[in-house]
1. How far apart, in nm, are two points set 7 Å out from the Cα along the Cα-to-Cβ line at ALA19 and at LYS75?
2. Could you calculate, for the chain, the ratio of the Cα radius of gyration to the Kirkwood radius, expressed as Rg to Rh?
3. Nearest 20 debye, what's the magnitude of the dipole of the chain about its Cα centre given +1 on Lys and Arg Cβ and -1 on Asp and Glu Cβ?
4. Report the relative contact order of the chain, percent, no decimals, based on alpha-carbon pairs under 8 angstrom and at least 6 residues apart.
5. Which of the helices in the chain, when you take each full DSSP H run, stretch at least 15 Å along the axis at their Cα atoms and have an average Kyte-Doolittle score of 1.6 or higher?
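Only the coordinates and a few stated rules stand behind these numbers; no lab work does. From a predicted model like this one, the values you see are computed outputs, not experimental measurements. No Cβ is skipped: glycine too gets one built from the backbone with ideal geometry, and neighbour counts run over all protein chains shown.
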Amino acid sequence: MIAEGIIHIVLVSLLVIAASMVIFVKDLIVAAIILGAFSLLLALEFYLLGAPDVAIAEAGVGAAISTAIYILAIKGTKRT
């Protein structure tokens with residue numbers, strides 16, 4: 001029980017750190033990759049909370065597809 005609580009606290013802390021990094025990072029590609037990592041951490045949290053179906057959906061859509069779309073959209077723009 002205590003180990004599960006520690007794991008949840010660590011995951012939520014990592015989620016907050018990742019969200020903060022997305023806000024403060026200057027490079028958009030790096031921000032998109034960090035956002036994908038955020039989605040994977042969120043999927044892991046959903047799985048640990050007992051919702052594997054939501055975890056799979058979050059990992060598939062949030063981490064994979066959304067990150068790919070963000071990166072493709074950023075690559076299609078002119079960056080200075």
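1. Distance between the two pseudo-spin positions: 3.0 nm.
2. 1.07
3. Around 560 debye, computed over the chain.
4. It rounds to 26 percent for the chain.
5. 2-24, 28-48
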